[in-house]
Amino acid sequence: MDERTGLPVVGMVGAGQLARMTHQAAVALGQSLRVLADSADDGAALVAHDVVVGDYRSLEDLRAFAVGCDALTFDHEHVPNAHIAALEADGVTVHPGAAALVFAQDKAEMRRRLSTLGVPCPRWAPIESRADLEGFAEQGGWPVVLKAARGGYDGKGVWVVSSLAEAEPVLASGTPLIVEEKVTIVRELAADVARSPFGQGAVWPVVETVQRDGICVEVLAPAPDLDDETAEQAQALALRIAQELGVTGVLAVELFQTADGLIVNELAMRPHNSAHWTIEGSLTSQFEQHLRAVLDYPLGATDQVAPVVVMANLLGGPDDVTPKGIDERVHHCFAHWPDVKIHLYGKQFRPGRKVGHVTALGRDLETVRRRAHEAAQYLMFGDMGLGDASATAARHG
């Protein structure tokens, strides 16, 4: 408890953009967010006042950080699960707990558990040898998708391979792997929900996520032309997963929409890129909701505040182009697109790295989508001539 305010203190392990935006939500709630950062230069460490520099892989550092926190939560899933269990054994309130978070940390564990629950998933198998992969491909054919069982994100740790020869370098790397069938999809969706320790659940509208090279470049809320039955099915599935796995806080369920229905692709048990649009586009943002859930407060309303919301990610381009003149471009972006909201994460620019996002709201999808992408394109490259997602992706692809 913060003695100055009488309000609880939430500690967030990790100091990237998710912690940075959670800090902003904490300020509005009158609360104090404590951040465990790898470096004083991390995005959240640049704006939060209560920053501890330490190593999330060190149980000693985690224990020291937890002192004085009413609840502990995470900016990422990389904290060793055994450390989380040890903190819980110490009496620290942790959301989500070790028993739930393991299913976001280990894809093999996730697939086993979801399969046991009867949740629709791609056909999959753990891979321990070349023979395992060969046997899997013989049943369903090539290509297949190899995934690092732990640690992959934003297209990293995912390999689409069409033969054993293509798979050899991945197999030889020693990375623990699973293999999945390559699913034929209509599009990718995300169902973002929140669940409190009390058991209350809340859902946001189902969104469409547009991917380029394994990285999300835009989110459309709500998912265009998604029928009510499928949307409700996705929301109900996400809430069921949250309950069955004992998730507390925000849960993002990434989905494949196929000709035969919905299939679960990935889980994230934290605020997620697919729900950044909720900062301006929902009555309660995912960051405020995560704090409410972690503190076991009643959850907020999730109504969408405009018929259409589009979030476009800002992906860093060549180092000699993107960082230069960014302040001037922000100035001109505000003037040219006064309705578009800009979020910069305080991160170093690297090609393909998420360094921020923009959000646009309105009534017409085509118009709102164009404005979001024109603003994103200009911010990154100073170019107003390319305004669609494919063109934007081409510049940093």
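Laboratory data are not the source of any read-out in this text; all were calculated from the coordinates shown. Just so you know, these numbers come straight off a predicted model, no measurement behind them. Here Cβ is always computed from backbone atoms with ideal geometry, including for glycine, and neighbour counts include all displayed protein chains.
Of note:
- Calculated FRET efficiency, residue 164 to residue 184, Cβ-Cβ distance, R0 = 22 Å: about 0.50 to the nearest 0.05.
- For segment 45-98, the orientation-averaged shadow of the C-alpha convex hull comes to 3.7 nm² (one quarter of the hull surface).
- Seen from residue 149, the other residues with C-beta closer than 15 Å to its C-beta sum to a net charge of 0, counting Lys and Arg as +1 and Asp and Glu as -1.
- Cβ crowding within 10 Å averaged over residues, with 240-248, 364-372 ranked highest first: 240-248, 364-372
- The distance between label points at residue 39 and residue 116 comes to 4.0 nm (points 7 Å beyond Cα on the Cα→Cβ vector).
- Along the axis of the charge dipole computed for segment 1-123 (Cβ charges of +1 for Lys and Arg, -1 for Asp and Glu, origin at the Cα centre), the listed residues 58, 21, 122 are led at the positive end by 122.
- Taking the C-alpha atoms of segment 187-396, convex hull volume expressed per residue in Å³: 119
- Note on segment 90-195: dipole from Cβ charges, positive end direction compared against 136, 93, 184; the farthest Cα belongs to 93.
- Shape category assigned to segment 205-272 from the gyration tensor of Cα positions, a/c cut at 1.5: oblate
- What you get for segment 9-94, charging only the Cβ of Lys and Arg (+1) and of Asp and Glu (-1), is a dipole of about 180 debye around the Cα centre.
- Rounded to whole numbers, the Karplus 3J(HN,Hα) couplings from phi for segment 83-94 are 5, 5, 4, 5, 4, 4, 5, 6, x, 6, 7, 10 Hz, using 6.51 cos²θ - 1.76 cosθ + 1.60 with θ = phi - 60°, and x at Gly and Pro.
- Taking the DSSP bridge list for the chain and keeping only pairs wholly inside it, about 80 percent are antiparallel.
- Neighbours of residue 276, meaning other residues whose beta-carbon lies under 12 angstrom from its beta-carbon, give a summed charge of 0 when Lys and Arg score +1 and Asp and Glu score -1.
- Distances between placed amide hydrogens fall under 5 Å for residue 94 paired with 72, all partners being 5 or more residues away or on another chain.
- Estimated inter-spin distance, residue 134 and residue 303, nm [label 7 Å along Cα→Cβ]: 6.2
- Diffusion constant of segment 254-323 at 37 °C, which comes from Stokes-Einstein with the Kirkwood Cα-pair radius and 0.692 mPa s, µm²/s: 222
- 3J(HN,Hα) from dihedral phi, segment 161-171, Karplus parametrisation 6.51/-1.76/1.60, rounded to Hz, x for glycine, proline: 10, 10, 6, 5, 5, 5, 7, 3, x, 5, 4
- Among the listed pairs 107/347; 147/354; 107/341, those with a Cα-Cα distance over 26 Å are 107/347; 107/341.
- Formal net charge of residues neighbouring residue 79 (Cβ-Cβ distance under 14 Å; K, R +1; D, E -1): -4
- Cα centroid separation, segment 261-301 to segment 333-347 (Å): 22
- Peptides ranked, highest mean first, by Cβ atoms within 10 Å: ranges 25-35, 116-126: 25-35, 116-126
- Straight-line reach from residue 156: taking Cα to Cα under 14 Å and skipping same-chain neighbours fewer than 8 places apart, the aspartates and glutamates in range are 213, 266.
- Mean-square fluctuations from a GNM of the chain, with a 10 angstrom spring cutoff on Cα atoms, peak among 274, 282, 129 at 129.
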